[in-house]
Amino acid sequence: MAFATLKTTLAALIALTLPHTAPAQIADQPDLAAAIRGLGTELSRDSVGGTFKLYAPQHASDSDAGLTVTRDRAYGDHDRHRLDVYAPQGADSLPVMVFVHGGGFVRGDKKGAANIGRWFARHDVVTVTLNYRFAPDAQWPSGAQDVRRALDWIAANIAALGGDPARIVLAGNSAGAMHVADYTFREDLQAGDDGVIGAILISPPTVDLTARPVDPKRDALYYGTDGDRAAQSVINALDGRRIPLLIAYAELEPEVISDQTRRLIEAVARRDGRLPLVASAPGHNHISIVEHIGTADQTLAPDMLAFVRLQALGLR
């Protein structure tokens with residue numbers, strides 16, 4: 001796969017939509033880059049917790065200054081059906097990005113995506129971060145069903161908060177990317193006129209469940225111990241609605257997630273007869289690929305912003 005060519009294409013797009021500056025990268029923080037690389041590529045308590053610990057000082061001064069933030073709005077009946085909305089003050093009919101956090105299908109919280117909400121709101125994208133139900137109490141495809149519930153709420157409420165309900169990009173990382181992917185590719189789970197114009201899938205871990213072990217501590221709790229793995233695999237559900245995609249991955253992903261991301265890129269390329277847009281995060285791991293957003297390091301966020309802006313233009 002010509003990832004370098006795709007990265008060059010995205011860089012050209014960014015040049016059209018962003019000021020001509022050289023964004024900071026993780027290479028500008030060599031101590032941090034070395035620490036992340038030293039944590040390795042496998043997901044463990046030490047590597048996940050260690051990554052969050054590295055970024056805690058960088059987010060310590062984060063604030064909502066200059067933004068209008070609406071928190072803990074209920075979009076459904078469950079306690080986890082809550083969302084936050086980040087908007088620049090005075091926002092009116094801006095593009096919307098809905099961000100779905102990761103956490104192995106069993107943990108995580110929208111508060112952990114506040115850095116993303118704030119960064120994109122400061123770049124004129126109304127951003128919704130949401131909680132969803134956890135496994136094992138809620139199983140596949142509950143994540144996509146919760147995305148649909150959130151979209152119903154957005155359709156009714158986002159205009160009053162400065163967003164355009166006809167220009168929505170879905171985004172998610174890890175387990176959140178799978179909830180977004182299930183909604184994006186499975187028409188039977190979608191709302192009718194949902195306003196979705198694009199989807200950003202960051203480090204999707206369970207694209208093809210027939211081609212990887214099912215982790216009993218996370219994946220099996222969500223997909224069930226005896227689920228139909230072929231039917232649950234989004235790689236087998238690409239023939240419906242073709243929502244524009246940006247697929248992103250970190251250099252230091254676990255091998256199984258790198259393989260799953262590659263399989264999705266290849267499957268979409270076969271479907272479309274051309275490569276999908278792809279963004280990479282050199283020097284980052286499965287956690288830091290989103291945790292660095294909102295810091296001086298702008299490895300991934302400008303690619304995401306360029307994609308949102310391009311889709312918002314409505315060029316078809």
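Structure above, values below:
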read-out: Packing rank of 179-186, 253-260, 26-33, where each peptide gets the mean count of other beta carbons within 10 Å, highest leading; value: 179-186, 253-260, 26-33
read-out: Reported label for calculated P(r) over Cα pairs in 20 Å bins from 0, in percent given [x] 27, 46, 24, 3; [y] 31, 54, 15, 0; [z] 35, 62, 3; value: [z]
read-out: Neighbour net charge for His81 - beta-carbon separation under 15 angstrom, K R +1, D E -1; value: 0
read-out: Relative packing of 296-307, 272-283, 93-104, which averages over residues the other C-beta atoms within 10 Å, highest first; value: 93-104, 296-307, 272-283
read-out: Calculated over region 257-297: convex hull of Cα atoms, volume per residue (Å³); value: 78
read-out: Environment charge at Phe105 (Cβ cut-off 9 Å; Lys +1, Arg +1, Asp -1, Glu -1); value: +1
read-out: Mean shadow area of region 104-194 over all directions, Cα convex hull, nm²; value: 5.9
read-out: Stokes-Einstein D (µm²/s) once Rh is taken as the Kirkwood radius of region 159-316 over alpha-carbon pairs, at 20 °C in 1.002 mPa s; value: 131
read-out: Environment charge of Asp72, counting only residues whose C-beta is closer than 13 Å and scoring Lys/Arg +1, Asp/Glu -1; value: +3
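Here, each number is a calculation from the coordinates, and none is a lab measurement. None of these values were measured; they are calculated from a predicted model. Here Cβ is always computed from backbone atoms with ideal geometry, including for glycine, and neighbour counts include all displayed protein chains.
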